[in-house]
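Just below is one structure, and these are the notes that go with it.
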Amino acid sequence: MRPRPRLDGATVLVTGAGNGLGRHLALQAARRGAEAVIWDLDADAAEATAEAVRAEGGHAEARAVDVADREQVTEAAEARLATGDPVDVVVHNAGVVAGAALLEAPTEAIERTFAVNVLPLYWVTRAFLPSMLTRQRGSIVTIASAAGLIGVARQTDYAASKHAAVGFTESLRAELRAAGARVHTLLVCPFYLDTGMFDGVRTRWPRLLPILDADDVAGRVLDSLERGRAELILPPLARLTRPLRALPVGLYDRLADAFGVNDAMSTFSGHGR
């Protein structure tokens, strides 16, 4: 039977929680009775989220962590585990995007995308998974993207990194199942969010593929977590990206064009976070 995590009384660690979706996830988790452990590259942003949680009567701990730095992740995780209060839920949320054509994207931006979007999935999970396995309790939530289910122009760095996030989560789930471990995984693949990360994107059919409200998505993520779901794709129409790979390449491309996936990126110039 799939584990059904409870947030009330749990400790939830969210990476990149200083702003955007991560901030909403931390706030909403605290409202459901969890302690929010907030990691962000920006110390001030992390503390601001923690203060917002405390202002609502919740419990929060903030720490400046560059999740792309394995040594920083290890040090921060060891400090947290040393308190004796285990982390019950890890939410991989930190992410960046270069948002340029392959030959236009600066080398440093491409390297940063993979350093932030992919490698921390391993570093943070490896830091906290052992205690989850010992207790046979815990959840690993990966905020990937609908771009992890379909190729997207002017997002070769971001889409490839999110494809890696999808593969990581699916493989981790298989590994845990094979070991009989009661540790839950949740893969989240939303369409574009209104966090400022994708300013300039215009969808062809905004009523069917809208720019999603981050606070609403955060609520849906936590609902899915507590229900023990393994996957969440938003909005509902974006679920059609799942079977696209089974189609011939030509038809795949025509459907992507029909939805305006690549046209949406024509005016996008990328944002760091």
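Volume per residue for the chain equals 123 cubic angstrom (convex hull of Cα atoms).
Proximity of backbone amide H atoms, modeled 1.01 Å from N, is registered between L212 and Y192, L193, D194 at under 5 Å, excluding neighbours fewer than 5 places apart on the same chain. Amide H contacts for L234 (H built 1.01 Å from N in the peptide plane; partners 5 or more residues away or on another chain; cut-off under 5 Å): C189, F191. Approximating the spin labels as points 7 Å out from Cα along Cα→Cβ, the R254-to-A181 distance works out to 4.5 nm.
Note that the range 58-66 has calculated 3J(HN,Hα) couplings of x, 10, 8, 10, 10, 8, 7, 9, 8 Hz, one per residue in order, obtained from phi through the Karplus relation 6.51 cos²θ - 1.76 cosθ + 1.60 (θ = phi - 60°); glycine and proline are x.
What the Cβ-Cβ distance of E75 and S171 gives, at R0 = 22 Å and to the nearest 0.05, is a FRET efficiency of 0.25. The S131 and A101 beta-carbon pair, evaluated with R₀ = 35 Å, returns a calculated FRET efficiency of approximately 0.25.
Remark on A62: its backbone amide H falls under 5 Å from those of I38, a criterion applied only to residues 5 or more positions apart or on other chains, H modelled at 1.01 Å from N. Look at the alpha carbon pairs under 8 Å that are at least 6 residues apart: their mean separation over the length of the chain gives a relative contact order of 20 percent.
No lab work stands behind these numbers, since they all come straight from the coordinates. Remember, it's a predicted structure, so these values are computed and weren't measured experimentally. Note that each Cβ is placed from the backbone with ideal geometry, even for glycine, and that neighbours are counted across all protein chains shown.
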